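Enquirer: One structure follows; several queries about it will come next.
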Amino acid sequence: MTRDEWREVKALRLDALKDDAAPIAFLETYDGAAAEADDFWQGRAARSSQGPTVAQFVASDPSTGRWIGTATGLREEPGADYFEGQPIEQLQAHVVGVWVHPDHRGAGAFESLLAAIQAWASANGVERLRLYVHADNHRARATYRRCGFTESGRSFTGKIGQEIEMARVHG
């Protein structure tokens, strides 16, 4: 993904926010995101253009080229604070914004997105991936388990309920 693909970034995010699981999977609403001006989306794409601290990856439909999935990695340094107020204890990448269009689930896009984040993280000296998943998002939790993530024992209660940390170490 590049900074010039902001229109695609916007369309993909809006598709994700229409998903039935969006209320427990994402921390924003469709209406809020749809109301953002173009410069918001341009900035979002620019910040997510695969640098050493943040990288957004996309999956596309091989027959149409349409973007059908996304995942973002955020590098987290020891000594900083997690967004939920806990200290970061080790170098890691926080996986956020993961979504695959329902018509393409189970066809490998999800695994490809996680592999892209793992490759990016490893190239930047990071072996541990972590993420938060809502306690009631059973489908996502099962999918992450299938991909080698385990519950770390950390959790917090946010605006939409309990979020459970899952992690995977590559090495």
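Enquirer: Scan segment 60-84 and report the pairs whose first residue is under 15 Å from residue 16 (Cα atoms) and whose second residue is open to solvent by 40 Å² or more (accessible area, probe 1.4 Å) and among the hydroxyl-bearing types (Ser, Thr, Tyr), with Cβ atoms within less than 6 Å and a gap of 6+ or a chain change.
Expert: Listed by first residue and then by second, the contacts come to 67/60.
Enquirer: If you don't mind, there's one more thing I want to ask. With the requirement that a residue be surrounded by 20 or more Cβ atoms within 10 Å (Cβ to Cβ) and in contact with an Asp or Glu (Cβ under 8 Å, 6 or more places away or on another chain), what does segment 70-93 give you?
Expert: 92, 93
Enquirer: Another one. For segment 2-46, name all the residues that are in contact with a Ser or Thr (Cβ under 6 Å, 6 or more places away or on another chain) and either open to solvent by less than 20 Å² (accessible area, probe 1.4 Å) or part of a helix (DSSP H, G or I) (or both).
Expert: 3, 12, listed by residue number.
Enquirer: Select, from 122, 49, the only residue that is surrounded by 12 or more Cβ atoms within 10 Å (Cβ to Cβ), part of a helix (DSSP H, G or I) and out of contact with any Asp or Glu (no Cβ under 8 Å at 6 or more places or on another chain).
Expert: Sole residue among the options that is surrounded by 12 or more Cβ atoms within 10 Å (Cβ to Cβ), part of a helix (DSSP H, G or I) and out of contact with any Asp or Glu (no Cβ under 8 Å at 6 or more places or on another chain): 122.
Enquirer: When residues of segment 92-130 are filtered for being among the basic types (Lys, Arg) and farther than 17 Å from residue 58 by Cβ, how many remain? Break it down into steps so the answer makes sense when it comes.
Expert: Our first condition is that a residue be among the basic types (Lys, Arg); within segment 92-130, this holds for 105, 128, 130.
Checking which are farther than 17 Å from residue 58 by Cβ leaves us with 128, 130.
So the answer is 2.
Enquirer: Okay, next question. Could you grab me the full set of residues in segment 1-54 that are in contact (Cβ under 8 Å) with a residue 60 or more places away in the chain, under 23 Å from residue 65 (Cβ atoms) and among the small types (Gly, Ala, Ser)?
Expert: Once the filter is applied, which keeps residues that are in contact (Cβ under 8 Å) with a residue 60 or more places away in the chain, under 23 Å from residue 65 (Cβ atoms) and among the small types (Gly, Ala, Ser), segment 1-54 yields only 16.
The values are calculated or read from the model by the stated rules, or taken from the named source; none is laboratory data. Remember, it's a predicted structure, so these values are computed and weren't measured experimentally. Cβ sites come from the backbone with ideal geometry, for glycine too, and all protein chains shown count toward neighbours. Note: accessible area is taken over every heavy atom of the protein model, side chains too, but ligands, DNA and RNA are not part of it. Shrake-Rupley method; radii C 1.70, N 1.55, O 1.52, S 1.80 Å.
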